[in-house]
Amino acid sequence: MASQRKPVIVRKFSRDWCVGYAGASFGQEAPELELLDLTGKVLRIAWDQVKWVCYVRDFSPSSTTFDQTNPERLLHKRFSIRPRTAGLWLRMTLTDGEELEGLAANDRSLVEGAGLLLTPPDTRSNTQRIYVPRQAIQTLEVVSLIGAAGRKRTGAARPAADQPDLFPRETDTA
């Protein structure tokens, strides 16, 4: 059974960050993000302070790879090659000037909702998904549509023409 709360690292525009558990579908229409920190206290963070919310695999400080300056372990913020996973390849500039790329689902969540849920460029890192609130996005650019399923090629849709005969059949004149 899936957990009701997911481990997240919330990065703020003030460069500090919070670690805790957010609801599986946190109230995006709510004026603030509700986070249960590791000590059991409920933190409320206004969406205009949130730069991004990273859904992570783990955030234990006892881990040897835990970094105090980059707890998300988000090393690659841009794709080095064209992604292979289906979706919309997005490039955005956040309000603090930082650039971020990711893959988003090609659905209504792009135009509706309070933010975008992205798959980061490096899926092997600690960060599995990134949620970026709309007020944190300054510019948004669609780089490419990857894996447009269901589209048929025009050449394959044409019926094959009858093949002409090399030697025409002779008609009986008798």
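At-a-glance table
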item: Förster-model FRET efficiency, 22 Å R0, Glu141 and Ser80, C-beta, rounded to 0.05; result: 0.80
item: Debye equation applied to the C-alpha atoms of segment 87-127, log10 I(q)/I(0) at 0.22, 0.34, 0.35 Å⁻¹; result: -0.80, -1.16, -1.17
item: Pair Asp96, Gln49: separation of 7 Å Cα→Cβ label points (nm); result: 1.3
item: Rounded to whole Hz, the Karplus (6.51, -1.76, 1.60) HN-Hα couplings of segment 106-123, x for glycine and proline; result: 8, 8, 5, 5, 5, 10, 10, x, 8, x, 10, 9, 10, 9, x, x, 9, 6
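Values in this text are rule-based calculations from the coordinates and carry no lab data. Keep in mind it's a predicted model, so treat the numbers as computed, not measured. Cβ sites come from the backbone with ideal geometry, for glycine too, and all protein chains shown count toward neighbours.
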